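The values are calculated or read from the model by the stated rules, or taken from the named source; none is laboratory data. What you see is a predicted model; the values in this text were computed from it and never measured. So basically every Cβ, Gly included, is an ideal-geometry build from the backbone, and we count neighbours across all protein chains shown. Quick note on the areas: whole protein, heavy atoms, side chains included, nothing else; ligands and nucleic acids left out. Shrake-Rupley method; radii C 1.70, N 1.55, O 1.52, S 1.80 Å.
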Amino acid sequence: MEAIIREKLQGIKFGDVQVYNHVAVIPIVGANGSGPKYLTLKDALANNLLIITEIDDGGHVPELKVNNKAAMPVFLLDGEELAGAKQNRVLNTTILLREKAETIIPVSCTEQGRWSYSSARFSESGHVMSAKLRATKNASVHESLKSDRAYRSNQGAVWDGIVCMSRLHDVSSETGAMKDILDARQKHLDKYLENLPLVPHQTGFVVLVNGQIAGMDIISRPEAFAQLHPKLIRSYVMDALTEKVAWGEYDYRQVADAFLAKILECEEQQFASVGYGNDYRYEGKKIVGSALVHENAVIHMAFFQVTEAEKAGNMSSASRRRAYRTRQ
């Protein structure tokens, strides 16, 4: 494993465990941010420093055009959703956009039933794709990278996953938009957010549902993580809301430590990033993950615990379908 990534994983410092219902969050804290400074998507858009559009008038589902007018890089998070233009999309990978530059970015569609302009530019949707969908999209992007060095997802599987999510949450959308499902569950998601708050100097977290690892996200700078914390919490809780509560006594720290040990055993591959840095991809037994490294700093890393079906890119596995049927 790349030395800087191994060092980051081995140096993780946990805060006090937070628990609400069947969801536990273990904050990851650091005294100072590391690596280069950058703007978040939210900041760049709010200050009119980022223009995101279709690549041309006709559009192209798996790609968008981004013009970064800022004098510093802009951080785009894997799974972060963009709303507008011809259809809503999510980022296929974490990207650190070059300053004062135009970049074509790889995306997946999250609104199957619309292909017409609702706006000329994209805006921040306020959501990150649910953690399970991020995990299986991560796996399919890794397969694309291995075969032809492209950051493409299995678009059909993404749509299938959104349909499954719609059924699990009993929410319909005229255009099959993931955003509509997340918006409909906002009050439930915010209740968890109130009880799983950001802590000082937090740069990430490990999330567990019913005592089992869901995943982990770490961002290099606390101020950036603070902005993304609400969206990331909701992305994990969105899946937890469809899980039957299994009350019990759990040693959350022990489970988290075992997860970190398994990450260190994952196979690693390196690829050129879309923007700054290098993109590392990981695969292990029931684990998938990725990390973006630039200027000797881990800008972002995310690891997920997955089933074999999810690892293979099956976003609506048989078990999820059965779970849906038991709730009817």
Problem set entry | Extension gain from residue 308 to residue 295, taking 0.36 nm per residue of separation minus the Cα-Cα distance | 1.2 nm
Problem set entry | Whole-percent carbon and sulfur share, accessible surface of the chain, 1.4 Å | 47
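Working with all protein chains in place, sort 147, 123, 140 by solvent-accessible area computed with a 1.4 Å probe, largest first.
Output order, biggest surface exposure first: 147, 123, 140.
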Problem set entry | For the chain: relative contact order, % (alpha-carbon pairs under 8 angstrom, 6 or more apart) | 21
For this session: Give me the distance in nm between label points sitting 7 Å out from Cα along the Cα-to-Cβ direction at residue 46 and residue 119, one decimal.
Result: 1.5
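Please report the antiparallel percentage of DSSP beta bridges with both residues in the chain, rounded to the nearest 5.
Looking only at bridges with both residues in the chain, the antiparallel portion is about 95 percent.
Sort the following peptides by mean Cβ neighbour count (other Cβ atoms within 10 Å, averaged over residues), highest first: 202-208, 294-300.
Those peptides, ordered most packed to least, come out 202-208, 294-300.
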For this session: For residue 188 paired with residue 20, estimate the spin-label separation in nm (one decimal), with each label point 7 Å from Cα along the Cα-to-Cβ line.
Result: 1.4
Seminar exercise, completed: Note, residue 227: beta-carbon cut-off 12 Å, +1 each Lys/Arg, -1 each Asp/Glu, net -1
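Hey, with R₀ at 30 Å, roughly what FRET efficiency would residue 286 and residue 7 work out to, going by the Cβ-Cβ distance, to 0.05?
Plugging the Cβ-Cβ distance into 1/(1 + (r/R0)^6) gives 0.80.
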Exercise. Want the number for residue 57 to residue 144: 0.36 nm per residue separation, take away the alpha-carbon distance, what's left?
Worked result: 28.6 nm
For this session: Using a Förster distance of 30 angstrom, determine the FRET efficiency expected from the C-beta separation of residue 69 and residue 278, and round it to 0.05.
Result: 0.75
Exercise. Just by accessible area at a 1.4 angstrom probe, what is the order of 16, 180 from largest to smallest?
Worked result: 16, 180
Exercise. How would you order 132-139, 64-71, 97-104 from highest to lowest mean count of nearby Cβ atoms within 10 Å?
Worked result: 132-139, 64-71, 97-104
Seminar exercise, completed: In Å², rounded to a whole number, the accessible area per residue of region 123-189 with probe 1.4 Å is 41
